[in-house]
Amino acid sequence: MSPRTGRPPKENPRKVNLNIRLTEQEANDIQECADKLNLSRTDTIMKGIHMVKSKIEKE
């Protein structure tokens, strides 16, 4: 029997899609932040969510 090929499954896969509408300026702001942080747009947005969540938990 040959070994299984392909990518290994992720521990916590992202299965949920979220579609949002943005202005061109908002999309440009996200892209600018992603470029400066050397992250993807998704990772940049996730980082922002974690920052807001930590701020809320401090209150």
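A few notes on this one:
- For a straight C-alpha distance cut-off of 20 angstrom, the aspartates and glutamates reachable from Lys36 (same-chain residues fewer than eight places away being disregarded) are Glu24, Glu26.
- Counting only protein heavy atoms and a probe of 1.4 Å, the accessible surface of the chain is 52% carbon and sulfur.
- Here the chain is treated as a Stokes sphere of Kirkwood radius computed over C-alpha pairs; at 4 °C and 1.567 mPa s its diffusion coefficient rounds to 90 µm²/s.
- Probe 1.4 Å, protein heavy atoms only - accessible area per residue of the chain in square angstrom: 110 Å²
- Eligible lysines near Lys55 by straight Cα distance, threshold 19 Å, same-chain separation 8 or greater: Lys47
- Cut-off 16 Å, label 7 Å out along Cα→Cβ of Ile30, residues of the range 37-59 by amide N: 37-52
- Segments 31-38, 6-13 sorted - mean Cβ within 10 Å per residue, highest first: 31-38, 6-13
- Relative packing of peptides 20-28, 43-51 - highest average C-beta neighbours within 10 Å first: 43-51, 20-28
- Helix 24-37 and the longest principal axis of the C-alpha atoms of the chain enclose an angle of approximately 60°.
The values are calculated or read from the model by the stated rules, or taken from the named source; none is laboratory data. Treat the numbers as computed from the prediction; the structure is a model and nothing was measured. All Cβ positions, glycine included, derive from the backbone under ideal geometry; neighbour counts span all protein chains shown. Ligands, DNA and RNA are stripped out before the accessible areas are found, and what is left, the full protein with its side chains, is counted by its heavy atoms. Shrake-Rupley method; radii C 1.70, N 1.55, O 1.52, S 1.80 Å.
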